Structures are given as structure tokens and as C-alpha cells.
Ligand code: ADP
Ligand code: MG
């Protein structure tokens, strides 16, 4: 992949949508992996479910300190970085305490800015990364808010199904609110259609609908529904290391290329 444009490193991208099961975590793992092909990447698991951590081979039992320690305890990022099976991709896992963070953050000073502050606390370390991906939980609570305040942009995965646009105003309104109050520079990285089914005409209709609404904000790349994508996490691997020739791996490779291309145009 081409080098990132000359701008402040790293580019921080949040994967957010208050709906669960739309492909946030799958996209976080697999986009991070593709970007790590030519760049240094950090993935921070902000979902108490910890699926991004499991999907990169860090099981619940061995998770140790992670994003809770970073946000709530103020532990230095350096102590929380974990290697993954993917060269050049590091992970801050979701620790077991993260489920309590939503509630505990409420009482803390600067509760929406904890992640931004934590990343800014070690400029030399963070500048060593080209991309930081933030995998958000399926809600618009304080964990997602922390991600949107820390990020340069948001990537919103949408499942290609009949009600795809239903509920999308919740995330777009939240992005608007964050822009007004907390992070004026927050951009929409793009809308990603996931679990696209070529054999189903409905997928094409839904895709047209979403493109009609969000125009060129929708990635040209669509992620097909592909069994290999859903099998890979149980092996603790991104799909490209599990089955590089699968349509899922190819689609995520195309997405990575498109993200880099769009950034050069920006
Ligand atoms: P979210 O993080 O938004 O809750 P996930 O990425 O965990 O969503 O995806 C939900 C489920 O759908 C997971 O079991 C995942 O393996 C599966 N999945 C995601 N994308 C695809 C795809 N393109 N093809 C097949 N299964 C997928
Ligand atoms: Mg998830």
C-alpha cells in the first residue's frame, strides 16, 4: 500500500454504530490487518464483549490490563500494548473491568476526553503508529463518545439488510453533536456496506438506497457475506491469515486500498 499522506500521525479512526452485529469488530480487525501490511497500526478494543481481542487471539483468561486501565485508571499506554498474530499490529485489549467503565466514567473529570488525553500523554509512542483503530461497543454511551472525541474520523458499518437506514440517524446525529461540542474536526470516514449477499436482489436495492442517501460517503467496496469471515475469529486470526483467497479477505484488501486512496485525495 502507498504511504499515508503527510499529516500528523497517526490517523485515528473510530468504528461506530449503536447497532450490534453490523460488522464493526470484523471491520476493525480486518481493516487494521490490511493497513498493517504497510504501516504501523494500533487497535484499541473498547467493547466490554472483547470480540476484537478474542478475534486476534487474546483470550479472555490472558487479557490482563487493557482499555479500562487506560481510560479509568490512567495507566500508560505503553504498559497496555500487546502484540498480535499480525506483524505491525498491536492491540490494547478489553479487560474484564471494562463492563463497569460506562458507569465509572460518569463520575470522572473530563469523562468524554479520557481516551484523547490518554493517547496524547505519550506523543512519542503514539507518533510511532500510522493508524489507530477504535472498536466501539454497540451503544452511544461514554465509551463510544470517548472514541468519537479521540478520533479524526468515524467509519460506520451498515449491514446490507432491509432496515439498513433505520437507526442510522442516531449515529449521524451523535457525530453532529460531538462536532459541535467536543471535536469540531471529526470527519465521516465513510459508510461501509457489510454482509452483502450477491444472490439476493434485496442487497442491491438496499445498497442503492444507502448510496442515494449518503452519496459518495459510501465506500465503493462492499463486504460480502462470507463464511470465512465469520470462522476466522474462532481461530484468533484475521480472515487474510485464515483464508487469504476467500472473497472476504479480498474484499477487506480492497477496502484497505480504498481507505488509503481516499486519504490521499483528501
Ligand atoms: P459488531 O461488532 O458490529 O457487533 P461483528 O463484526 O461482531 O459486529 O459481526 C457480527 C457477527 O457477524 C459476527 O459473528 C461476525 O463473525 C459476523 N460477520 C460480520 N461480517 C460478516 C461477513 N461479511 N460475512 C459473514 N459473517 C460476518
Ligand atoms: Mg463488536
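The values are calculated or read from the model by the stated rules, or taken from the named source; none is laboratory data. Fair warning: this is a prediction, and the values are worked out from it, not measured in the lab. Cβ placement follows ideal geometry from the backbone for every residue including glycine, while neighbour counts extend to all protein chains displayed.
Tabulated results
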quantity	calculated
All positions within region 175-203 that are touching a helix residue (DSSP H, G or I) at 6+ places or on another chain (Cβ under 7 Å) and over 19 Å from residue 155 (Cα atoms)	197
Count - residues of region 10-43 that are within 17 Å of residue 234 (Cβ to Cβ), under 12 Å from the mean Cα position of the chain (by Cα) and within 13 Å of ligand 1 (Cβ to nearest atom)	6
Residue count for region 177-195, restricted to those that are surrounded by 12 or more Cβ atoms within 10 Å (Cβ to Cβ) and within 19 Å of the chain's Cα centre (by Cα)	13
Residue among 207, 253, 244, 249 that is out of contact with any strand residue (DSSP E or B) (no Cβ under 6 Å at 6 or more places or on another chain) and surrounded by fewer than 19 Cβ atoms within 10 Å (Cβ to Cβ)	244
Options 46, 71; residue that is farther than 24 Å from residue 224 by Cβ, within 16 Å of ligand 1 (Cβ to nearest atom), at pLDDT 95 or above and in contact with a helix residue (DSSP H, G or I) (Cβ under 7 Å, 6 or more places away or on another chain)	46
